[in-house]
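Student: Sharing a structure with you now.
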Amino acid sequence: MTIPDGGLPVTRRLILRGAGSVALAGFNVATFRADAAFAAANDRYPDDAFKQKDAKEAIKLLYGRTAEPSDKIKLDAPEIAENGAVVPISVSTSLANVTSIAFVVPENPNVLAAYYKIPQGTMPNVANRLKMAKTSNVTVIVEAGGKLYSATKEVKVTVGGCGG
Amino acid sequence: MASSIRVRAIANGETTDVQTLIQHPMDSGFIKDDKGEFIPAHFIQVLTFEHNDRPVFIADWGTAVSKDPYVKFTFKGGAKGDDLKVSWIDNKGETDTATFKIQ
(Lines give C-alpha, C1' and ligand atoms only; values in the text may rest on other atoms or scores of the structure.)
Protein backbone atom coordinates (compact mmCIF):
# COMPACT_ATOMS: atom_id res chain seq x y z
CA MET A 1 0.00 0.00 0.00
CA THR A 2 1.27 3.47 -0.76
CA ILE A 3 1.34 6.14 1.86
CA PRO A 4 0.97 9.78 0.86
CA ASP A 5 4.13 11.74 1.58
CA GLY A 6 3.97 13.49 4.92
CA GLY A 7 0.38 12.31 5.33
CA LEU A 8 -1.06 12.93 8.75
CA PRO A 9 -3.14 10.13 10.28
CA VAL A 10 -6.34 12.01 9.63
CA THR A 11 -5.45 12.58 6.01
CA ARG A 12 -4.90 8.87 5.45
CA ARG A 13 -8.10 7.97 7.16
CA LEU A 14 -10.11 10.42 5.13
CA ILE A 15 -8.60 9.08 1.93
CA LEU A 16 -9.37 5.52 3.01
CA ARG A 17 -12.92 6.27 3.94
CA GLY A 18 -13.58 8.09 0.72
CA ALA A 19 -14.70 11.56 -0.09
CA GLY A 20 -18.17 10.99 1.37
CA SER A 21 -16.84 11.05 4.90
CA VAL A 22 -14.76 14.18 4.40
CA ALA A 23 -17.77 16.40 4.82
CA LEU A 24 -18.92 14.35 7.80
CA ALA A 25 -15.55 14.53 9.55
CA GLY A 26 -15.39 18.25 9.00
CA PHE A 27 -18.87 18.60 10.42
CA ASN A 28 -17.91 16.63 13.51
CA VAL A 29 -14.80 18.66 14.19
CA ALA A 30 -16.78 21.86 13.87
CA THR A 31 -19.69 20.83 16.08
CA PHE A 32 -18.05 18.44 18.49
CA ARG A 33 -16.42 21.24 20.37
CA ALA A 34 -15.36 24.68 19.26
CA ASP A 35 -12.33 24.37 21.46
CA ALA A 36 -8.85 25.23 20.26
CA ALA A 37 -7.50 21.91 21.49
CA PHE A 38 -9.94 19.87 19.51
CA ALA A 39 -9.61 22.02 16.43
CA ALA A 40 -5.84 21.88 16.62
CA ALA A 41 -5.93 18.14 17.10
CA ASN A 42 -7.62 18.07 13.72
CA ASP A 43 -9.11 14.67 14.35
CA ARG A 44 -12.34 13.25 15.62
CA TYR A 45 -13.08 10.53 18.15
CA PRO A 46 -12.76 7.17 16.31
CA ASP A 47 -16.14 5.92 17.49
CA ASP A 48 -16.37 2.97 15.10
CA ALA A 49 -12.93 1.64 16.05
CA PHE A 50 -13.83 1.79 19.76
CA LYS A 51 -16.92 -0.37 19.12
CA GLN A 52 -15.03 -3.16 17.35
CA LYS A 53 -15.09 -6.71 18.74
CA ASP A 54 -12.18 -7.95 16.65
CA ALA A 55 -8.63 -6.73 17.23
CA LYS A 56 -7.55 -6.83 13.57
CA GLU A 57 -10.68 -4.96 12.48
CA ALA A 58 -10.17 -2.29 15.13
CA ILE A 59 -6.57 -1.70 14.04
CA LYS A 60 -7.64 -1.62 10.40
CA LEU A 61 -10.37 0.92 11.16
CA LEU A 62 -8.03 3.07 13.19
CA TYR A 63 -5.00 2.99 10.90
CA GLY A 64 -6.06 1.36 7.63
CA ARG A 65 -3.36 -1.30 7.76
CA THR A 66 -1.58 -3.86 9.90
CA ALA A 67 1.34 -3.54 12.30
CA GLU A 68 4.62 -5.44 12.35
CA PRO A 69 6.20 -6.58 15.65
CA SER A 70 9.08 -4.45 16.90
CA ASP A 71 11.65 -5.08 19.63
CA LYS A 72 12.05 -1.31 20.04
CA ILE A 73 8.81 -1.16 22.01
CA LYS A 74 8.88 -1.83 25.75
CA LEU A 75 5.49 -2.93 27.05
CA ASP A 76 5.21 -3.12 30.83
CA ALA A 77 2.27 -5.08 32.17
CA PRO A 78 1.91 -7.47 35.10
CA GLU A 79 2.30 -11.24 34.47
CA ILE A 80 -0.71 -11.81 36.69
CA ALA A 81 -3.39 -9.22 37.46
CA GLU A 82 -5.38 -10.07 40.57
CA ASN A 83 -7.92 -7.37 39.80
CA GLY A 84 -8.93 -7.09 36.16
CA ALA A 85 -10.67 -3.79 36.86
CA VAL A 86 -7.34 -1.99 37.33
CA VAL A 87 -4.40 -3.32 35.34
CA PRO A 88 -1.47 -0.90 35.20
CA ILE A 89 0.06 -0.95 31.72
CA SER A 90 2.76 1.32 30.35
CA VAL A 91 4.72 1.58 27.15
CA SER A 92 7.86 3.31 26.00
CA THR A 93 9.71 3.09 22.72
CA SER A 94 12.98 4.10 21.11
CA LEU A 95 11.25 4.43 17.73
CA ALA A 96 11.55 7.92 16.22
CA ASN A 97 8.74 10.23 15.07
CA VAL A 98 5.98 8.56 17.04
CA THR A 99 2.58 10.09 16.27
CA SER A 100 0.23 7.76 18.15
CA ILE A 101 0.06 4.85 20.60
CA ALA A 102 -2.95 2.51 20.91
CA PHE A 103 -3.74 -0.22 23.44
CA VAL A 104 -5.71 -3.25 22.28
CA VAL A 105 -7.07 -6.03 24.52
CA PRO A 106 -8.42 -8.74 22.13
CA GLU A 107 -10.42 -10.62 24.80
CA ASN A 108 -12.34 -7.53 25.98
CA PRO A 109 -15.91 -6.92 24.73
CA ASN A 110 -14.65 -3.77 22.99
CA VAL A 111 -11.08 -4.55 21.95
CA LEU A 112 -9.70 -1.01 21.56
CA ALA A 113 -8.98 0.39 25.02
CA ALA A 114 -7.18 3.67 24.42
CA TYR A 115 -5.69 5.66 21.57
CA TYR A 116 -3.17 8.38 22.40
CA LYS A 117 -2.14 11.06 19.92
CA ILE A 118 1.45 12.09 20.42
CA PRO A 119 2.10 15.60 19.02
CA GLN A 120 5.63 16.55 18.01
CA GLY A 121 7.64 17.32 21.14
CA THR A 122 5.82 14.80 23.33
CA MET A 123 7.76 11.70 24.40
CA PRO A 124 6.51 8.31 23.18
CA ASN A 125 5.89 7.07 26.73
CA VAL A 126 2.45 6.46 28.20
CA ALA A 127 1.28 4.84 31.43
CA ASN A 128 -2.38 4.09 32.09
CA ARG A 129 -4.73 1.67 33.86
CA LEU A 130 -7.03 -0.59 31.87
CA LYS A 131 -9.87 -3.01 32.56
CA MET A 132 -9.46 -6.61 31.45
CA ALA A 133 -12.44 -8.98 31.29
CA LYS A 134 -10.26 -12.10 31.43
CA THR A 135 -6.79 -13.44 30.67
CA SER A 136 -5.71 -11.93 27.39
CA ASN A 137 -2.85 -10.65 25.34
CA VAL A 138 -2.35 -6.92 25.51
CA THR A 139 -1.10 -5.40 22.27
CA VAL A 140 0.31 -1.94 21.92
CA ILE A 141 0.39 -0.34 18.49
CA VAL A 142 2.92 2.41 17.88
CA GLU A 143 2.62 4.61 14.82
CA ALA A 144 6.07 5.97 13.98
CA GLY A 145 7.27 7.70 10.83
CA GLY A 146 4.09 6.69 9.05
CA LYS A 147 4.52 2.98 9.84
CA LEU A 148 2.84 0.70 12.37
CA TYR A 149 4.70 -1.36 14.95
CA SER A 150 3.41 -3.59 17.72
CA ALA A 151 4.38 -5.40 20.91
CA THR A 152 2.31 -7.97 22.78
CA LYS A 153 2.32 -9.42 26.27
CA GLU A 154 -0.06 -11.85 27.95
CA VAL A 155 -1.65 -10.81 31.24
CA LYS A 156 -3.31 -13.51 33.33
CA VAL A 157 -6.40 -12.15 35.05
CA THR A 158 -7.66 -13.82 38.23
CA VAL A 159 -10.81 -11.72 38.71
CA GLY A 160 -12.24 -10.11 35.58
CA GLY A 161 -12.95 -6.41 35.40
CA CYS A 162 -15.73 -6.26 32.84
CA GLY A 163 -18.18 -9.11 33.44
CA GLY A 164 -19.68 -8.00 36.75
CA MET B 1 -18.06 22.00 42.62
CA ALA B 2 -14.62 20.62 43.09
CA SER B 3 -12.84 19.73 39.87
CA SER B 4 -12.88 16.12 38.76
CA ILE B 5 -9.33 16.57 37.50
CA ARG B 6 -6.17 16.23 39.56
CA VAL B 7 -2.84 16.90 37.91
CA ARG B 8 0.75 16.85 39.04
CA ALA B 9 2.99 18.40 36.39
CA ILE B 10 6.67 18.68 37.24
CA ALA B 11 9.28 20.38 35.06
CA ASN B 12 12.60 18.52 34.99
CA GLY B 13 14.74 20.87 32.95
CA GLU B 14 14.16 19.79 29.35
CA THR B 15 10.94 17.85 29.89
CA THR B 16 7.76 17.99 31.96
CA ASP B 17 6.21 14.89 33.54
CA VAL B 18 2.43 14.99 33.81
CA GLN B 19 0.43 12.62 36.00
CA THR B 20 -3.34 12.85 35.96
CA LEU B 21 -6.17 11.34 37.97
CA ILE B 22 -9.77 12.01 37.01
CA GLN B 23 -12.86 11.16 39.01
CA HIS B 24 -15.21 9.41 36.60
CA PRO B 25 -17.26 6.18 36.79
CA MET B 26 -16.03 4.94 33.38
CA ASP B 27 -19.02 2.57 33.20
CA SER B 28 -18.46 0.13 30.36
CA GLY B 29 -22.10 -0.81 29.78
CA PHE B 30 -21.23 -4.48 30.31
CA ILE B 31 -21.79 -4.59 34.08
CA LYS B 32 -25.13 -5.28 35.77
CA ASP B 33 -26.38 -3.54 38.89
CA ASP B 34 -27.92 -5.24 41.95
CA LYS B 35 -31.25 -5.64 40.12
CA GLY B 36 -29.57 -7.44 37.21
CA GLU B 37 -29.95 -4.50 34.85
CA PHE B 38 -27.04 -3.24 32.77
CA ILE B 39 -25.55 0.01 33.95
CA PRO B 40 -25.49 2.23 30.82
CA ALA B 41 -22.11 3.06 29.37
CA HIS B 42 -20.73 6.33 30.75
CA PHE B 43 -17.09 7.00 29.96
CA ILE B 44 -14.68 9.76 29.01
CA GLN B 45 -14.03 9.78 25.26
CA VAL B 46 -11.52 12.57 24.77
CA LEU B 47 -9.02 14.06 27.20
CA THR B 48 -6.71 16.85 26.07
CA PHE B 49 -3.71 18.60 27.57
CA GLU B 50 -2.57 22.02 26.36
CA HIS B 51 0.64 23.82 27.23
CA ASN B 52 0.64 27.48 26.11
CA ASP B 53 -2.40 26.78 23.89
CA ARG B 54 -0.54 23.96 22.13
CA PRO B 55 -1.91 20.42 22.48
CA VAL B 56 0.78 18.23 24.05
CA PHE B 57 -1.27 15.07 24.57
CA ILE B 58 -4.65 13.82 23.38
CA ALA B 59 -6.22 10.66 24.79
CA ASP B 60 -9.14 8.95 23.05
CA TRP B 61 -10.62 6.47 25.50
CA GLY B 62 -12.99 3.54 25.17
CA THR B 63 -14.91 1.58 27.76
CA ALA B 64 -11.85 -0.39 28.92
CA VAL B 65 -10.12 2.46 30.75
CA SER B 66 -10.37 1.88 34.51
CA LYS B 67 -12.71 3.80 36.81
CA ASP B 68 -11.18 7.06 38.07
CA PRO B 69 -8.65 6.96 35.24
CA TYR B 70 -4.94 7.56 35.60
CA VAL B 71 -2.59 8.55 32.82
CA LYS B 72 1.02 9.67 32.72
CA PHE B 73 3.03 11.21 29.89
CA THR B 74 6.05 13.45 29.32
CA PHE B 75 6.52 16.35 26.93
CA LYS B 76 9.54 18.42 25.92
CA GLY B 77 9.52 21.98 27.24
CA GLY B 78 7.42 23.40 30.02
CA ALA B 79 8.74 25.54 32.84
CA LYS B 80 7.78 26.06 36.45
CA GLY B 81 4.76 28.36 36.62
CA ASP B 82 3.52 27.61 33.09
CA ASP B 83 -0.15 26.80 32.63
CA LEU B 84 -1.32 23.33 31.66
CA LYS B 85 -4.97 23.22 30.61
CA VAL B 86 -6.75 19.89 30.90
CA SER B 87 -10.21 19.13 29.45
CA TRP B 88 -12.36 16.05 29.03
CA ILE B 89 -15.67 15.22 27.40
CA ASP B 90 -17.58 11.98 27.92
CA ASN B 91 -20.10 10.00 25.85
CA LYS B 92 -23.01 11.82 27.53
CA GLY B 93 -21.58 15.19 26.56
CA GLU B 94 -20.53 16.08 30.10
CA THR B 95 -17.27 18.00 30.30
CA ASP B 96 -14.78 19.40 32.77
CA THR B 97 -11.83 21.74 32.34
CA ALA B 98 -9.15 22.88 34.74
CA THR B 99 -5.86 24.72 34.49
CA PHE B 100 -2.83 23.75 36.55
CA LYS B 101 0.55 25.35 37.17
CA ILE B 102 3.60 23.32 36.26
CA GLN B 103 5.70 22.80 39.38
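The values are calculated or read from the model by the stated rules, or taken from the named source; none is laboratory data. Nothing here was measured: the structure is a model prediction, and the numbers come from that model. In this analysis, Cβ positions are derived from the backbone assuming ideal geometry, glycine residues included, and neighbour counts consider all displayed protein chains. Accessible surface areas use protein heavy atoms only, side chains included; no ligands, DNA or RNA. Shrake-Rupley method; radii C 1.70, N 1.55, O 1.52, S 1.80 Å.
Student: Looking at (1) open to solvent by less than 30 Å² (accessible area, probe 1.4 Å); (2) assigned to a loop (DSSP other than H, G, I, E, B); (3) touching a residue at least 40 places away in the same chain (Cβ under 8 Å); (4) not acidic (Asp, Glu), which is the one condition that is false for B:Ala79?
Tutor: (1)
Student: Name the single residue that is most open to solvent (accessible area, probe 1.4 Å) among those in the stretch B:11-41 being aliphatic (A, V, I, L, M) and out of contact with any Gly (no Cβ under 9 Å at 6 or more places or on another chain). Please lay out each step first, then the result.
Tutor: Just the residues of the stretch B:11-41 that are aliphatic (A, V, I, L, M), to begin with: B:11, B:18, B:21-22, B:26, B:31, B:39, B:41.
Still in the list and also out of contact with any Gly (no Cβ under 9 Å at 6 or more places or on another chain): B:21-22, B:26.
On the way: B:Leu21: 60, B:Ile22: 3, B:Met26: 1 Å².
Filtering the stretch B:11-41 for residues that are aliphatic (A, V, I, L, M) and out of contact with any Gly (no Cβ under 9 Å at 6 or more places or on another chain), the one most open to solvent (accessible area, probe 1.4 Å) comes out as B:Leu21.
Student: Filter the stretch B:41-76 down to residues that are of a type in the set (Phe, Trp, Tyr) and touching a residue at least 60 places away in the same chain (Cβ under 8 Å), then give me how many there are.
Tutor: Initially, the stretch B:41-76 is screened for residues of a type in the set (Phe, Trp, Tyr), giving B:43, B:49, B:57, B:61, B:70, B:73, B:75.
Next cut, touching a residue at least 60 places away in the same chain (Cβ under 8 Å) only: B:75.
Number satisfying all stated conditions: 1.
Student: Let me ask something else. I'd like the full set of residues that are more than 18 Å from A:Lys51 (Cβ to Cβ), more than 7 Å from chain B (Cβ to nearest Cβ), within 12 Å of the chain's Cα centre (by Cα) and not in a loop (DSSP other than H, G, I, E, B), limited to the stretch A:102-138.
Tutor: A:Val138
Student: Being open to solvent by 70 Å² or more (accessible area, probe 1.4 Å), in contact with a His (Cβ under 9 Å, 6 or more places away or on another chain) and more than 8 Å from chain A (Cβ to nearest Cβ) is the requirement here; does B:Lys92 meet it? Show your work before the answer.
Tutor: Working: open to solvent by 70 Å² or more (accessible area, probe 1.4 Å): yes; in contact with a His (Cβ under 9 Å, 6 or more places away or on another chain): yes; more than 8 Å from chain A (Cβ to nearest Cβ): yes.
In short, yes.
Student: Moving to a separate point now. Could you count how many residues in the stretch B:22-39 are assigned to a strand (DSSP E or B) and polar (S, T, N, Q)? Spell out how you get there, then give the answer.
Tutor: Taking the stretch B:22-39 as the starting set, the residues that turn out to be assigned to a strand (DSSP E or B) are B:22, B:27, B:32, B:38.
Pick out the ones that are also polar (S, T, N, Q) and you get none.
Adding up the residues that qualify gives 0.
Student: Determine whether B:Ser3 is open to solvent by 50 Å² or more (accessible area, probe 1.4 Å), among the small types (Gly, Ala, Ser) and within 12 Å of the chain's Cα centre (by Cα).
Tutor: On the way: open to solvent by 50 Å² or more (accessible area, probe 1.4 Å): yes; among the small types (Gly, Ala, Ser): yes; within 12 Å of the chain's Cα centre (by Cα): yes.
Criteria met by B:Ser3.
Student: So which pairs qualify, if the first residue must be in the stretch A:100-119 and closer than 18 Å to B:Gly29 by Cα, the second must be among the hydroxyl-bearing types (Ser, Thr, Tyr) and part of a loop (DSSP other than H, G, I, E, B), the Cβ gap must be under 6 Å, and the two must be at least 6 apart or on different chains?
Tutor: Listed pairs, sorted by first residue: A:Asn110/B:Thr63.
Student: Among the residues of the stretch A:84-101 satisfying the criterion of being more than 9 Å from chain B (Cβ to nearest Cβ), hydrophobic (A, V, I, L, M, F, W, C) and part of a strand (DSSP E or B), which is surrounded by the fewest Cβ atoms within 10 Å (Cβ to Cβ)?
Tutor: A:Val98
Student: Counting only residues that are assigned to a strand (DSSP E or B), open to solvent by 10 Å² or more (accessible area, probe 1.4 Å), more than 7 Å from every other protein chain (Cβ to nearest Cβ) and not basic (Lys, Arg), how many does the stretch B:42-76 have?
Tutor: 2
Student: Which condition from (1) in contact with an Asp or Glu (Cβ under 6 Å, 6 or more places away or on another chain); (2) at positive phi is the one that B:Gln23 breaks?
Tutor: Just one mismatch for B:Gln23, condition (2).
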